[in-house]
Amino acid sequence: MPGGNNQGRYGEAEELFRPFLEVIKSALGEAHPHTLGTMSNLAAAVRGQGRYEEAEELFRQCLEAKKSALGEAHPDTLATMNNLAIKAGTEKQRCFFVNAWIPPHLPP
């Protein structure tokens with residue numbers, strides 16, 4: 001992930017975040033900032049594995065929950081909007097490079 005200090009171990013991170021998310025939801029509720037942060041971290045781990053559609057859905061769920069719980073102008077809500085924009089940019093860039101490498105005699 002851009003600007004992050006990661007080790008590329010997104011699969012391991014996902015394995016930890018998924019069960020933890022369920023525990024934290026039960027303990028603190030779905031709208032608690034720690035729950036929302038964990039959901040965002042899970043989405044980032046999924047995105048890091050190249051599963052962009054799944055990550056987008058998780059980020060969208062997180063965004064709606066953050067808007068409701070924290071408000072649209074809260075920094076955490078804005079950060080999730082940024083993560084969705086990164087997802088969109090990553091997908092667009094990936095499509096550009098795939099199309100750029102298709103030989104001219106093959107349809108895109």
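The values are calculated or read from the model by the stated rules, or taken from the named source; none is laboratory data. All figures in this text were calculated on a predicted structure; none of them were measured in a lab. Glycine also receives a Cβ, built like all others from the backbone with ideal geometry; neighbour counts cover every protein chain displayed. Areas reflect the complete protein model, heavy atoms only, side chains present, ligands, DNA and RNA absent. Shrake-Rupley method; radii C 1.70, N 1.55, O 1.52, S 1.80 Å.
General observations
- Residues in the stretch 4-51 that are open to solvent by 70 Å² or more (accessible area, probe 1.4 Å) and in contact with a Phe, Trp or Tyr (Cβ under 6 Å, 6 or more places away or on another chain): Asn41, Gln49.
- Residues (open to solvent by less than 60 Å² (accessible area, probe 1.4 Å), modelled with pLDDT of 90 or more and more than 23 Å from Glu22 (Cβ to Cβ)) located in the stretch 52-76: Gly71
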